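Trainee: Take a look at the following structure, please.
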Amino acid sequence: MEVIVKENGEEAGRATAGVIASAIRINPNLVLSLPTGSTPVDTLKGLVRMHEQEGLNFSQVTGFNMDEYVGLSKDHPQGYYYFLNDLLYSKVNINPNNTFVPNVLADDLMSAAQAYTDLIYSKGGFDLIFLGIGRDGHISFNMPGAALQPYTHLETLSEATIADNARFFENPARVPTKAMTIGLKIILDSRKVILLANGEGKSQIIADWLNNQKISTSIPASFLWLHNDVTVVLDKAAASKLQ
Ligand code: PGA
């Protein structure tokens, strides 16, 4: 596990963008899985800047949302496909036909989840997954609990996560309570993992995870100890409780 600490969130975001850009330059056909939320914004802006100023080429890149709220369409402004499209896909030369999100509008959500797993593996799995982390240790929407799941599945969001995400919704009561997410095996099958965390609010979970080399379903991110190519990028605030 490589841990990189940057002065502030902007620098951490830029460093993360640099890692993703290098991966695209080395492998123009990169299959990339991307997160949503506040954390990735600077990184996505950095990638757009590199596309505009340095010709970073997304024409052969494939982009996968790692999760989506159940019931939100691709053009719903609080949806996660909309988020990635708005901040990245619409601003670079990625082929929209190579951008994917779980079908959370399907009548049969279990089959839709299986189909998403099959689609990911039909593209060869992820070359690179860029993760955030929740204050409760979730990665993608794999919530802490008695058990974790390997493949794409439905999750009921924790109270803390619903509360954290309410800020994106005009009416907090409208935050969906269920999401479809890739599971831990899909994450661990990714050839490279980069996880970004910023701010004091993430410092406790970062310490709980990185100060103890233990794997527990109570901290889904702790399963990344099983992966041999993980880079964690933190700002100083998120790293402040590291020993
Ligand atoms: P955030 O979400 O970037 O909005 O803090 C992180 C996460 O839930 O993975």
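Trainee: For residues that are assigned to a loop (DSSP other than H, G, I, E, B) and surrounded by fewer than 21 Cβ atoms within 10 Å (Cβ to Cβ), tally how many sit in region 31-51.
Mentor: Residues flagged as assigned to a loop (DSSP other than H, G, I, E, B) and surrounded by fewer than 21 Cβ atoms within 10 Å (Cβ to Cβ) within region 31-51 amount to 2.
Trainee: Find all pairs meeting these conditions: Cβ atoms under 7 angstrom apart; at least six residues apart or on different chains; first residue within region 5-24 and assigned to a helix (DSSP H, G or I); second residue among the basic types (Lys, Arg).
Mentor: Matching pairs, first to second residue: 12/6; 15/6; 23/192.
Trainee: Here are the criteria: (1) at pLDDT below 95; (2) touching a strand residue (DSSP E or B) at 6+ places or on another chain (Cβ under 7 Å); (3) among the hydrophobic types (A, V, I, L, M, F, W, C). Tell me which single one residue 187 does not satisfy.
Mentor: Going through the list (1) at pLDDT below 95; (2) touching a strand residue (DSSP E or B) at 6+ places or on another chain (Cβ under 7 Å); (3) among the hydrophobic types (A, V, I, L, M, F, W, C), residue 187 breaks only (1).
Trainee: Tally time: how many residues in region 118-130 are of a type in the set (Phe, Trp, Tyr) and assigned to a helix (DSSP H, G or I)?
Mentor: Result for region 118-130: 1.
Trainee: When you scan region 66-117, how many residues do you find that are buried (at least 22 other Cβ atoms within 10 Å of the Cβ), in a helix (DSSP H, G or I) and of a type in the set (Asp, Glu)?
Mentor: 0
Trainee: May I pose another question? Kindly indicate which of 108, 127 is within 23 Å of residue 85 (Cβ to Cβ), away from the ligand (no atom under 16 Å from the Cβ) and of a type outside the set (Val, Ile, Thr).
Mentor: Answer to the check: 127.
Trainee: Return a yes/no flag: does region 199-210 have any residue that is under 21 Å from residue 30 (Cα atoms), among the hydrophobic types (A, V, I, L, M, F, W, C) and in contact (Cβ under 8 Å) with a residue 60 or more places away in the chain.
Mentor: Within region 199-210, none of the residues are under 21 Å from residue 30 (Cα atoms), among the hydrophobic types (A, V, I, L, M, F, W, C) and in contact (Cβ under 8 Å) with a residue 60 or more places away in the chain.
Trainee: Further, regarding this structure: List pairs: first in region 40-56 and at pLDDT below 95, second more than 16 Å from the ligand (Cβ to nearest atom), Cβ under 9 Å, 6+ apart or cross-chain?
Mentor: Pairs found: none.
Trainee: Would you check if there is a residue in region 32-41 being over 16 Å from the mean Cα position of the chain (by Cα) and more than 16 Å from the ligand (Cβ to nearest atom)?
Mentor: No, because not a single residue in region 32-41 is over 16 Å from the mean Cα position of the chain (by Cα) and more than 16 Å from the ligand (Cβ to nearest atom).
Trainee: Can you say whether residue 33 is hydroxyl-bearing (Ser, Thr, Tyr) and in contact with a strand residue (DSSP E or B) (Cβ under 6 Å, 6 or more places away or on another chain), as far as the supplied structure shows?
Mentor: yes
For every residue, the table says whether it meets (1) of a type outside the set (Val, Ile, Thr); (2) closer than 26 Å to residue 73 by Cβ; (3) out of contact with any helix residue (DSSP H, G or I) (no Cβ under 7 Å at 6 or more places or on another chain).
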residue: 161; (1), (2), (3): no, yes, yes
residue: 178; (1), (2), (3): yes, yes, yes
residue: 187; (1), (2), (3): no, yes, yes
residue: 204; (1), (2), (3): yes, no, yes
residue: 208; (1), (2), (3): yes, no, yes
residue: 231; (1), (2), (3): no, no, no
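The values are calculated or read from the model by the stated rules, or taken from the named source; none is laboratory data. Computed from a prediction, not measured in an experiment: that's the story for all the values here. Here Cβ is always computed from backbone atoms with ideal geometry, including for glycine, and neighbour counts include all displayed protein chains.
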